[in-house]
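S.K.: Below is a structure I'd like to ask you about.
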């Protein structure tokens, strides 16, 4: 079925979406052959699957598939601007518009002024917790960079959501389109951009700005070169997700409020919060990040 992922198929047929790797392992040669037939060098460890590929389902407990109809994304062209976003690891409940708790709702509130001026789409992807994300990710030396992960299928489910939304919204003439991701959601955004660059590269020109909070740049592909000046990569000092600061791991593992990874929506005594920087960046357009008022240089975007 068009739009399916191995995560979806495992959830429907095996009763547990995390068993997607069993389906990939059982059908690896078939999946890789289909990817090559569609012009790709590989399936990116099952992240790319194609209609018409007849998969063998694993496990004695497999249950019959319940027919489902994939609902295509419907663009909202009624707004002056539009935010497409992905929340962070373990940020459940999903909250209004699937933006989680912070910092994406705060960013959207600033953008949506006056109220009703900005549309929003937040991916309903599972946003698995950080430990599960790392456990299900795989190091793939074929990517050429030993530090970049092949993420779980559930993360790629979010990337597919965002790519589809971006492609659809790009048809809205004159609408400004912005992307934002937090933590695992930043990986989702980067993977979505990779998909769009492969499938519909002309759509990239429609993006007005990108904000990535707690951006784990070593765990995801670089943004396309033409978008580097439109991308704000934010990393709080001591955030172990993007700066690999081991001294902060204890506070972050217990989700303590003192963890720098949870500070992007907190207003500092001086300068701007991460949300404030992103909102200003979106307002002013592509400029050198060091020239944003009240900011310090941030992590590179690539």
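S.K.: Mind checking which residues of region 109-127 are surrounded by 17 or more Cβ atoms within 10 Å (Cβ to Cβ), more than 14 Å from the chain's Cα centre (by Cα) and without any contact (Cβ under 8 Å) to a residue 60 or more places away in the chain? So that I can check it myself, show each step before the final result.
M.R.: First, the residues of region 109-127 that are surrounded by 17 or more Cβ atoms within 10 Å (Cβ to Cβ): 111, 118-123, 125-127.
Restricting the remaining residues to those that are more than 14 Å from the chain's Cα centre (by Cα) gives 111, 118-120.
Of everything in region 109-127, those that are surrounded by 17 or more Cβ atoms within 10 Å (Cβ to Cβ), more than 14 Å from the chain's Cα centre (by Cα) and without any contact (Cβ under 8 Å) to a residue 60 or more places away in the chain turn out to be 118, 119, 120.
S.K.: Just a yes or no: is a residue in region 168-183 modelled with pLDDT of 95 or more and part of a helix (DSSP H, G or I)?
M.R.: Yes, some residue in region 168-183 is modelled with pLDDT of 95 or more and part of a helix (DSSP H, G or I).
S.K.: Please verify whether region 185-205 includes one or more residues that are in the same structural domain as residue 111 (by TED's automatic domain parsing), more than 15 Å from the chain's Cα centre (by Cα), surrounded by 15 or more Cβ atoms within 10 Å (Cβ to Cβ) and without any contact (Cβ under 8 Å) to a residue 60 or more places away in the chain.
M.R.: Filtering region 185-205 down to residues in the same structural domain as residue 111 (by TED's automatic domain parsing) leaves 185-205.
From the residues that got through so far, the ones that are more than 15 Å from the chain's Cα centre (by Cα) too are 198-205.
Within this subset, residues satisfying the condition of being surrounded by 15 or more Cβ atoms within 10 Å (Cβ to Cβ) are 203-204.
From what's left, without any contact (Cβ under 8 Å) to a residue 60 or more places away in the chain: 203-204.
Looking for residues that are in the same structural domain as residue 111 (by TED's automatic domain parsing), more than 15 Å from the chain's Cα centre (by Cα), surrounded by 15 or more Cβ atoms within 10 Å (Cβ to Cβ) and without any contact (Cβ under 8 Å) to a residue 60 or more places away in the chain, one finds at least one in region 185-205, hence yes.
The rows are residues; the columns are (1) modelled with pLDDT of 90 or more; (2) part of a strand (DSSP E or B).
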| residue | (1), (2) |
| --- | --- |
| 43 | no, no |
| 55 | no, no |
| 61 | no, no |
| 67 | no, no |
| 72 | no, no |
| 84 | yes, yes |
| 92 | no, no |
| 115 | yes, no |
| 120 | yes, yes |
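S.K.: For residue 215, which of the numbered conditions (1) in contact (Cβ under 8 Å) with a residue 12 or more places away in the chain; (2) over 16 Å from the mean Cα position of the chain (by Cα) fails to hold?
M.R.: Status for residue 215: all satisfied but (2).
S.K.: Right, residue 49: crowded, with 17+ Cβ neighbours inside 10 Å, at pLDDT 95 or above and either outside the structural domain of residue 164 (by TED's automatic domain parsing) or assigned to a strand (DSSP E or B) (or both) or not? Walk me through how you get there before you give the answer.
M.R.: Details: crowded, with 17+ Cβ neighbours inside 10 Å: yes; at pLDDT 95 or above: no; either outside the structural domain of residue 164 (by TED's automatic domain parsing) or assigned to a strand (DSSP E or B) (or both): yes.
In short, no.
The values are calculated or read from the model by the stated rules, or taken from the named source; none is laboratory data. Since we're looking at a predicted model, the values are computed, not measured. Using ideal geometry, Cβ is built from the backbone for each residue, glycine included, and neighbour counts are taken over all protein chains shown.
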